[in-house]
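What follows is a single structure, written as structure tokens, with notes after it.
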Amino acid sequence: TILFIGGSTMAELFNNIPKIAYEGPKSKNPLSFRYYDADRIILGKPMKEHLPFAMAWWHNLCAIGADMFGRGTADKDFGTENGTMAHAKAKVDAGFEFMEKLGIRYFCFHDVDLVPEAGDIKETNARLDEISDYILEKMKGTDIKCLWGTANMFSNPRFVNGAGSTNSADVYCFAAAQIKKALDITVKLGGRGYVFWGGREGYETLLNTDVKFEQENIANLMKMAVEYGRSIGFKGDFYIEPKPKEPMKHQYDFDAATAIGFLRSYGLDKDFKLNIEANHATLAGHSFQHELRISAINGMLGSVDANQGDTLLGWDTDEFPFDVYDTTMCMYEVLKNGGLTGGFNFDAKNRRPSYSYEDMFYGFILGMDSFALGLIKAAKLIEEGTLDNFIKERYESFESEIGKKIRSHTTSLKELSDYAEKMGAPKMPGSGRQEYLQSALNQTLFGEA
């Protein structure tokens, strides 16, 4: 079979997989969408615009199912020798065929996802130039674009103590060089954002760590990245992706609130937003919705890594999302935020026993359908107004004369004290009615369609 992609022809790799179509909730075809209907209008916009899905290069095209206890189970050689430029190009071919068949319009990458890292950074950069030229050719004639790029500054042993947080000036310079080239490639591919995932930006013990020194260096590296990015025409957002732990015990970007505080402290909040990952939220002891809400109310919700974790395991499992409660409440926050400047990157990988090419498609179908159903239900929650109306009523005492003074900052502690003395004992606050609201949510999710 010959497949036409981006102005060139190639042998079809996933030749037993058809283009995935929407067939509706009653479909029994596992290679179809039940809920993701790209052109369906939800709250005035097509579903595909609410849900700019992206493929993660690292998981989908690179991850082979290896874990700390065993080697990989999946073949991602795509008919070539791993670790070669031929393999790098085969991954591009596979990725574009995969995205075309699923109707995915974006991809995300780390620098060393695209090419094998050479012993010399000049050679690595030459390889990145070559592969990015190849990707640009594949993009022609398609509507596939780059959502965001980043540099892998955590896998190589040189980053044992982090990149921006390293104790080595030489390693710091090498990190700067990687960021510069990753920004070059992101701009070249038209990326909408650039992400800092501080996988090793943190510490194991304070016995050998100067926290202020390290955080100042991280901030300085980010400032230089912003200056360089703007100088080469990058107009998108920079992102921090909060993560609480693993691999470092104490990571500086623990959660959304911590990351926002860091950005504001160093004057980076005008250029940076947050890329929130569901799995990282739960590792921080928060819900996915909490991290989205904290980002949104601070004007810093930018993009989403769409996955979920396993509450029975204490590490980053990066599973494809299937919990419709989570996807519904995620989309509720995104809709309330007016959308994203970024998109929904499936930072998710198949489980180790799911090692076939078909499983790659099943994983994305699951994730895309779960978020599509979440979008449908979140829109219904907003249209019904049950939550909005209840919350408005819950705080209605602040519409009273004294309440308005509190909200408008036109009162004083003495005036409030005098008011309390005249009042005597206040009445109990209105009930939160959590159980009633959870029941209403269940009705929206599982009641009559």
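The values are calculated or read from the model by the stated rules, or taken from the named source; none is laboratory data. What you see is a predicted model, and the numbers here were worked out from it, not measured in a lab. Cβ coordinates were reconstructed from backbone atoms using ideal geometry, including for glycine residues, and neighbour counts include every protein chain displayed. Heavy atoms of the whole protein, side chains included, go into the accessibility calculation; ligands, DNA and RNA do not. Shrake-Rupley method; radii C 1.70, N 1.55, O 1.52, S 1.80 Å.
Note on the chain: GNM, Cα springs under 10 Å; of 368, 248, 300, the largest mean-square fluctuation is that of 248.
Using a probe of 1.4 Å on the protein chains alone, the accessible area found for residue 382 is around 40 Å². Cut-off 12 Å, label point 7 angstrom out along Cα-to-Cβ of residue 209: give me the residues of the stretch 147-170 whose amide nitrogen falls inside. In the stretch 147-170, the label zone of residue 209 (backbone N under 12 Å from the point 7 Å along Cα→Cβ) covers 161-162, 165-166.
Top to bottom by accessible area (1.4 Å), largest first, where do 320, 398, 446 land?
Numbers: 320 15, 398 80, 446 140 Å².
From most exposed to least exposed: 446, 398, 320.
Computed over protein heavy atoms with a 1.4 Å probe, the carbon and sulfur contribution to the accessible area of the chain reaches 54%.
Think of the stretch 379-439 as having a plus end and a minus end, set by charges on the Cβ of Lys, Arg, Asp and Glu; of 430, 413, 391, 413 sits farthest toward the positive end of this dipole. Only the Cβ atoms of Lys and Arg (+1) and of Asp and Glu (-1) were treated as charged; on that basis the dipole of the chain about its Cα centre amounts to roughly 820 debye. Rolling a 1.4 angstrom probe over the protein heavy atoms with all chains in place gives the stretch 1-132 an accessible area of 46 Å² per residue. Reducing the stretch 124-160 and the stretch 15-33 to their Cα centroids gives an inter-centroid distance of 31 Å.
For residue 180, go through the aspartates and glutamates and keep the ones whose alpha-carbon is under 14 Å away, minus same-chain ones fewer than eight residues off. Correct list for residue 180: 111, 129, 227.
For residue 45, no residue whose modelled amide H falls within less than 5 Å of its own remains once neighbours fewer than 5 places apart on the same chain are excluded. Checking (1) 1.14; (2) 1.07; (3) 1.02 against Cα Rg over 2.2 N^0.38 Å calculated from these atoms, the matching label is (2).
Which links in 273/405; 235/349; 48/270; 235/270 stretch past 21 Å when you go from one Cα to the other? All intermediate terms of the calculation are to be shown ahead of the outcome.
On the way: 273/405 33 Å; 235/349 30 Å; 48/270 28 Å; 235/270 12 Å.
Beyond 21 Å: 273/405; 235/349; 48/270.
With K and R counted +1 and D and E -1, the other residues having a Cβ less than 10 Å from that of residue 253 yield a net charge of -2.
Computed from backbone phi, the HN-Hα couplings of the stretch 347-363 come to 7, 9, 9, 4, 5, 4, x, 9, 10, 8, 4, 4, 5, 4, 6, 4, x Hz, rounded to whole numbers (Karplus: 6.51 cos²θ - 1.76 cosθ + 1.60, θ = phi - 60°; Gly and Pro given as x). Among 413, 340, 268, the largest mean-square fluctuation in a Gaussian network model of the chain (Cα springs under 10 Å) belongs to 413. Computed over the chain with a Gaussian network model linking Cα atoms closer than 10 Å, the most mobile of 355, 419, 332 is 419.
Taking amide H atoms as placed 1.01 Å from N in the peptide plane, the amide H of residue 103 has no partner under 5 Å among residues 5 or more positions away or on other chains.
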